[in-house]
Amino acid sequence: MPHSMSLFVVASLLAFAPLCLCAKSSGGYLYPQFYDRSCPKATEIVRSIVAKAVAEEARMAASLIRLHFHDCFVKGCDASILLDGSRKITTEKRSNPNRNSARGFEVIDEIKSALEKECPHTVSCADILALSAGDSTVLAGGSSWEVPLGRRDSRGASLSGSNNNIPAPNNTFQTILTKFKVQGLDLVDLVALSGSHTIGDARCTSFRQRLYNQNGNGKPDFSLEQNYAGKLRQNCPRSGGDQNLFVMDFVSPAKFDNSYFKLLLASKGLLNSDQVLVTKSAAALPLVKQYAANNQLFFQCFLNMIKMSNISPLTGNKGEVRRICRRVNSQ
Ligand code: HEM
Ligand SMILES: *[C@@H]1O[C@H](CO)[C@@H](O)[C@H](O)[C@H]1NC(C)=O
């Protein structure tokens, strides 16, 4: 190899050196073979029902990935998000981030009832959420990973945790990063996992502020590309239309790819929390650029989903394996 060539190789290796940070962590106490003996068909059953649901409605892949995220950020990945309200439970489904927004619960119910038939009282709802998120990523065209398993289900929920821990679309970059750090996740995780917004929808109410009154002075967010902002205003009026839906990646709304990062660089990120990754952080910007330039690298770093999946699981004899994901086993 000519000298200049080897220099080039070394230089490009160096350029990618920080990306070793993207190496996924192991599952800790969790491991992919957890159900190999107790319910060998578990992963296949989950996969087939998620595949059917996504075939019926492409958006369901996005909704299931988000359910896992909103579960893990509240008391760990313990299926607390799935509990309905009752005398003892104040449901997380009514929190600001989840109300009129979190969806996919019926798909989880269908998976759970199939698993209860195959191997009663064995596969936790928390593991169903983790597996569904992995399957959804693959079905949408993204990377695949072996999902560490063995989580158990909570016997309670936390509405305040749901309201406080899950970042809001108008949080500052610092607040969002802090909310990730509280969960043991870092800047690399924040940027890579935000790449989930390459699929799925957001409601008008989640970004209206940017269109009309970004800083309380009646002016729009000038970090949003003007033509795009104008198009958004057509279906997201100053008042009303709160629930109107908009795809977050208008180039390839149902395809899991790095187009989200390319749009951020073009000032066409839909949520304020998306755009701040390029406008408010000198540390996040280079990551956005690298993912925008290199889809494989984004896929590699998206494996850090395993880190998110591993937030404070209940293991051993903690918690329980629910028979119905919407309620605890006995009051
Ligand atoms: C970084 C901070 C984040 C903020 C502020 C945020 C905020 C939001 C908001 C406001 C929506 C639209 C909800 C609606 O209007 O109904 C949304 C959708 C979504 N989010 Fe995030 N998110 C963040 C990170 C993540 C992460 C880490 C994941 C996954 C690992 C994720 C996955 C999704 C998906 C897939 C959707 C589309 C859901 C659907 O179409 O049903 N988000 N997010
Ligand atoms: C963020 O959005 C919420 C809900 O729409 C609103 O009540 C709040 O005032 C906004 N915060 C900021 C700092 O703009």
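Read the figures in this text as sums done on the coordinates, not as results from a lab. It should be emphasised that the depicted structure is a prediction, and the values quoted were computed from it without experimental measurement. Cβ placement follows ideal geometry from the backbone for every residue including glycine, while neighbour counts extend to all protein chains displayed.
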When only Cα pairs under 8 Å and 6 or more residues apart are kept, what is the percent relative contact order across region 187-264? 44
Classify region 35-78 as rounded, prolate or oblate from the Cα gyration tensor: take a ≥ b ≥ c as the square roots of its eigenvalues, call it rounded if a/c is under 1.5, otherwise prolate when a/b beats b/c and oblate if not. oblate
Can you give me the C-alpha center-to-center distance between region 66-105 and region 259-277, rounded to a whole angstrom? 27
Taking the C-alpha atoms of the chain, how large are the radius of gyration and the largest Cα-Cα span, Dmax, in Å? 20.4, 74
Under the rule of -39500 (n - 2.57) per DSSP H run of 4 or more residues, summed and divided by the residues of the chain, what mean residue ellipticity at 222 nm is obtained, to the nearest 500 deg cm²/dmol? -13000 deg cm²/dmol
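Plugging the Kirkwood radius over Cα pairs into Stokes-Einstein for region 250-326, at a temperature of 37 °C and a viscosity of 0.692 mPa s, what D comes out in µm²/s?
The diffusion coefficient I find is 220 µm²/s.
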Among Lys41/Lys262; Lys219/Lys262; Lys75/Lys112; Lys75/Lys289; Lys75/Lys231, the pairs whose Cα-Cα distance exceeds 29 Å are Lys41/Lys262; Lys75/Lys289; Lys75/Lys231
Net dipole in debye of region 83-227 [+1 Lys, Arg Cβ; -1 Asp, Glu Cβ; about Cα centre; nearest 20]: 740
Environment charge at Ser48 (Cβ cut-off 15 Å; Lys +1, Arg +1, Asp -1, Glu -1): 0
State, as an integer percentage, the relative contact order of the chain based on alpha-carbon contacts under 8 Å between residues 6 or more apart. 27
Alpha-carbon gyration tensor eigenvalues x 5, square-rooted, for region 193-303, Å: 25, 16, 10
Quote the Stokes-Einstein diffusion coefficient, in whole µm² s⁻¹, for region 196-238, based on the Kirkwood radius over alpha carbon pairs, a temperature of 25 °C and a viscosity of 0.890 mPa s. 225
For region 29-166, what size does the Cα cloud have along each of its three principal axes, sorted from largest down, in whole Å? 36, 30, 26
³J(HN,Hα) across region 308-321 via Karplus (A = 6.51, B = -1.76, C = 1.60, θ = phi - 60°), whole Hz, x for Gly/Pro? 4, 5, 9, 5, 5, x, 7, 10, x, 9, 6, x, 7, 9
